[in-house]
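**Student:** Here it is, the structure in full.
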């Protein structure tokens, strides 16, 4: 990221003190959707594909405070919990408010057939690593989106790079085309 | 601003201690609805306010409030039972209950663990406890905060009172501007990853 200016970060997950401190120190404006805790995942997945879904997705985004475009989107593992239609509608809406070249980061459960029933809650630790603070619980089938499927579900964000992680997840970086 | 009661929530004597017994009883009765808690005025949980709220003392809300809330030089606490559907302007804001609307504070906003907040937060210092539910934007950069507060203080209730004492002077008390430093998010992959 360009360190000479402030950035707007959109976090699709929940707020955390540590993440806020990290981004606040960097002078970032943080937009938090908290999809898991406000019923937004079900809203998106259950909306009728088409205009109704697009409207639902657009309505989820917070009101703009400064008019600055989004630079970074933290999707965490949330794409696993959205249908590809829902993800596509959400990321299309996000893309309209993002700056060309904006980056979206996502984690996909890849090697295992199952994933936790509820999304993870990643929080930055003191050493800079990310720790999942969510409580362990039941598991559900993972959609195991392929790179191509995920690419189709990210709106105007196009795949920049991907890598397999040691925890069975695949990490993706997407970049918004101009 | 609000009626004073005999005892605060902790049972400590407050400013009505010297009143006649009948007055004390009345004050005690009123404490269930509105009164004082410590040094704060209190809107009790049976109270519903639909309209703008302004004042020059600290306030704790345990009831339902809809409309603008302005305590520009004071602290506002939205208690566990409090539900506020309003844009709030205060020196500091602490939320234990529910809010829907933007929170503007010249000093600090604290969202406690059981709180549910929907709306933007504009303040130089913001803390959100783990477990709190928050949805909205957070602006903490002092220069941006000053910019936003500078425009919003004249677009809220003050706008309707154009010609009265301007609140623009309040925004000059916001923390001084500082250059933006180190804007790198520096995110690393989750621990245990390759």
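The values are calculated or read from the model by the stated rules, or taken from the named source; none is laboratory data. On a predicted model such as this, the values are computed, not experimentally measured, just so you know. Cβ: placed from backbone, ideal geometry, glycine included. Neighbour counts: every protein chain shown.
**Student:** So how many residues does region B:72-111 have that are surrounded by 18 or more Cβ atoms within 10 Å (Cβ to Cβ) and not in a strand (DSSP E or B)?
**Tutor:** Count: 8.
**Student:** In addition: Inside region A:106-120, can you point out the residues that are farther than 19 Å from residue A:164 by Cβ and either facing another protein chain (nearest Cβ under 8 Å) or touching a helix residue (DSSP H, G or I) at 6+ places or on another chain (Cβ under 8 Å) (or both)?
**Tutor:** The answer is A:118, A:119.
**Student:** Also, I was wondering about something else. What is the one condition in (1) more than 25 Å from residue A:37 (Cα to Cα); (2) in a loop (DSSP other than H, G, I, E, B); (3) away from chain B (no Cβ under 14 Å) that residue A:126 does not satisfy?
**Tutor:** It fails just one condition, (3).
**Student:** Tell me, which residue of region B:112-130 that is under 18 Å from residue A:22 (Cα atoms) and not in a strand (DSSP E or B) is modelled with the lowest pLDDT?
**Tutor:** Among those that are under 18 Å from residue A:22 (Cα atoms) and not in a strand (DSSP E or B), it is B:130.
**Student:** If you take the residues in region B:143-153 that are without any contact (Cβ under 8 Å) to a residue 40 or more places away in the chain and facing chain A (nearest Cβ under 9 Å), which one is surrounded by the most Cβ atoms within 10 Å (Cβ to Cβ)?
**Tutor:** B:144
**Student:** Modelled with pLDDT of 95 or more and more than 12 Å from every other protein chain (Cβ to nearest Cβ), is that true of residue B:90?
**Tutor:** Criteria met by residue B:90.
**Student:** Confirm whether residue A:111 is surrounded by fewer than 18 Cβ atoms within 10 Å (Cβ to Cβ) and more than 27 Å from residue A:53 (Cβ to Cβ).
**Tutor:** When the stated conditions are applied, residue A:111 passes them.
**Student:** Any chance you could count how many residues in region A:13-67 are touching a helix residue (DSSP H, G or I) at 6+ places or on another chain (Cβ under 8 Å), crowded, with 21+ Cβ neighbours inside 10 Å, part of a loop (DSSP other than H, G, I, E, B) and in contact (Cβ under 8 Å) with a residue 40 or more places away in the chain?
**Tutor:** The number of residues fulfilling the criteria is 3.
**Student:** Further, regarding this structure: Could you tell me which residue of region A:134-157 is nearest to the other protein chains (Cβ to nearest Cβ), considering only residues that are exposed (fewer than 15 other Cβ atoms within 10 Å of the Cβ) and over 19 Å from residue A:85 (Cβ atoms)?
**Tutor:** Ranking the qualifying residues of region A:134-157, first place goes to A:135.
**Student:** Ok, one more. Here are some residues: A:103, A:73. Which one is in a strand (DSSP E or B), touching a helix residue (DSSP H, G or I) at 6+ places or on another chain (Cβ under 7 Å) and in contact (Cβ under 8 Å) with a residue 60 or more places away in the chain?
**Tutor:** After applying the criteria, what remains is A:73.
**Student:** Could you list, in sequence order, all residues of region B:38-58 that are at negative phi, part of a loop (DSSP other than H, G, I, E, B) and exposed (fewer than 13 other Cβ atoms within 10 Å of the Cβ)?
**Tutor:** B:39, B:46, B:56
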